[in-house]
Amino acid sequence: MQSVTVLPAPRLGLFATAMLVMGGIVGSGIFMNPHVVAKDARSSAAILAAWALGGAVALAGGFVWAELAARRPGVGGQYAYLRDGVHPAAGFVYGWSNLLVTQTGGMAAVAMTFARYTHVLCSPPWGEAATAIAALAALTAINLFGVRAGSAVQSAFMVLKIAAIGGLVVCGLFLAPRAVALQAASGEPPGPQAFLAAMIAVLFAYGGWATATFVSGEIKDTARTLPRALILGTAGVVALYLGVNAACLRALGPGGLAAFDAPASEVMRRALGSPGATAIAAAIAVSTFGFLAQGMLVCPRVYYAMAQDGLFFRSVGRLHPKSGVPHVAIALQGAFAIATALSGTYEQILSWVVTVDFAFLALTAATLFVFRARDGGAATIVRAPWHPWSTLFFIVVSLAVVSATFVEHPARSIIGWALVAAGLPVYTFWKRRIA
C-alpha cells in the first residue's frame, strides 16, 4: 500500500519547467496551421487578429493556471483541480479523455508527422509507421530512467525548436522577397462563423500549456516556480507565433499563405532555395520529436494521480524504487500511443481534440472561482490579473470555439464526446471498488 501513496521527489527548476510549458504548446501546428487559418480569415488583419486573440486566450489561461498551481500545488495538475474544484468524476473523466482521445491521439499523430519528415530527410528502408513507433518507444525508455533524463531531452529539443522558429522568422522578414501583388492582396474580411472556424486551428496550435501542471509534484518550490514558468513559457510562445505569422504574411501574403499547405517550407524555399526547404523539414522533425518528449514526460502523471486516488489500477500508482518515476504509468502511455499510431485512426481522433480539450480547459478555469471562495480570500504567491474578467474571457472564448467545432465537425464531435462519456461508468466501477 505504501508504494501507492509515496510521492515523487521534486527535481525540476524554473528553466526546465518553462521549457515544459513551451514544449507542450509548440509541436508541428505552427508550421502548418497558418495555412488553415488563412483559408478562413483571408485578410492580413484578420489572420493576425486571430493569432493575437489566440495568444490573449493562452495568456489568460496561463494566468489562471498559475494561480491554480499556487493554490493547489501537488501531483496531477489539471486532474487535481477538476477533482477538488468540481467533482472526482470530472477529474477522472478528464484523465480518461487524455488516455483515450486528446493526449494519446495527439501524440500518435505527431509521431507520424515526425516520421514523415524524418523520411524526407534520410529515406530509410523501412516504413514511416516503424519510425513513429521507434520514436515513441525510445522516449518511453528515456523517461523510465527518471524525470531528469526526460526533462533534459525535452529541454534540449525545445531550445532547438526556438532556434528553428527564430530562423524561420528571420528568413521570412529579412531574406525572402516580398510577396507578389496578387498574393499580397487581402481578401474580404471574414464573417463571425469563418473567424471562429479559423480560431479552431489557432487554439489547437496554442493548446498544451496546462500539461506542465501534471508534473507539479516534481517541481522544486512548485508554488513559486510553476506559476512563473507558466507565464514565461506562454508569453514566449505567443511572441514566436506572432513572429511566424508576420514572416509568412510578408513573404507569401494572405493569398499565398492560404494557397500553400506547407507555408513554412515555401518561405524557407524562397529565402534560401532547396537548402532552406531541407532545413525546415529538419526543424519540423525536431519540433515534433520535442513535443513527443514533453508529452511522454508529463501525461503519465495524470494516470499516476488517478491510481493514487484508487480510481485506476494500483500498479499505475507505483514509483520505480531507483528512478523514482511512475514507470507503469509511463509504459501505459507509451503502449497506448503506439497502438493508436498502428491503428491508423489517429487522424480522426485529432479532429476531436479541440472540442474535448477546450471544454475541459473552460471547466478547469471555472474552478478558480470555487477555490477563491473556498479559501476565503487567503493570500497566494500569484493571483490571476484582472480576475474575474480575464478568467471569464478565457472561458467564453474557449466555449465559443468548442461550439464552432460542433458546427464544423458535428459527427466527429459527437463521437469524441461519446468516448469521453464512456468514462462515467468506468468511474462508477472504480468508485465501487474502493467504497
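The values are calculated or read from the model by the stated rules, or taken from the named source; none is laboratory data. In this text the structure is predicted, and so the values were computed from the model without any measurement. Because the Cβ atoms are built from the backbone with ideal geometry, glycine has one as well, and the counts that use them run over all protein chains shown. With ligands, DNA and RNA removed, areas are computed over all heavy atoms of the protein, side chains included. Shrake-Rupley method; radii C 1.70, N 1.55, O 1.52, S 1.80 Å.
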So, in Å, what gap is there between the alpha-carbon centers of the range 374-422 and the range 12-58?
-> 18
Taking R0 as 41 Å, what's the FRET efficiency between W389 and F174 from their Cβ-Cβ distance, rounded to 0.05?
-> 0.60
Relative to the chain, whose Cα atoms define the longest principal axis, helix 389-408 and its Cα axis are tilted in degrees, nearest 10, by 70
Using a 1.4 Å probe and ignoring any ligands, DNA or RNA, find the accessible area of D261 and quote it in Å² to the nearest 10.
-> 110
The range 16-96, Cα convex hull volume normalised per residue, Å³ | 134
Hey, any idea what % of the chain's accessible area is carbon plus sulfur with a 1.4 Å probe?
-> 68
Taking a probe of 1.4 angstrom, what is the accessible area of L14 in Å², to the nearest 10?
-> 80
Between Rg and the Kirkwood Rh of the chain, both from Cα atoms, what is the Rg to Rh ratio?
-> 0.96
When only the heavy atoms of the protein chains count and the probe is 1.4 Å, how do R11, R269, R178 rank by accessible area, highest first?
-> R178, R269, R11
Largest first, what is the accessible-area ranking of K322, K39 with a 1.4 Å probe?
-> K322, K39
Calculated FRET value between A56 and V407, using beta carbons and R₀ = 30 Å, to 0.05 | 0.85
Using a 1.4 angstrom probe, figure out how much accessible area the chain has per residue, in square angstrom, rounded to the nearest whole.
-> 37
To the nearest 10 degrees, the tilt of helix 410-421 (Cα long axis) against the first principal axis of the alpha carbons of the chain is 20
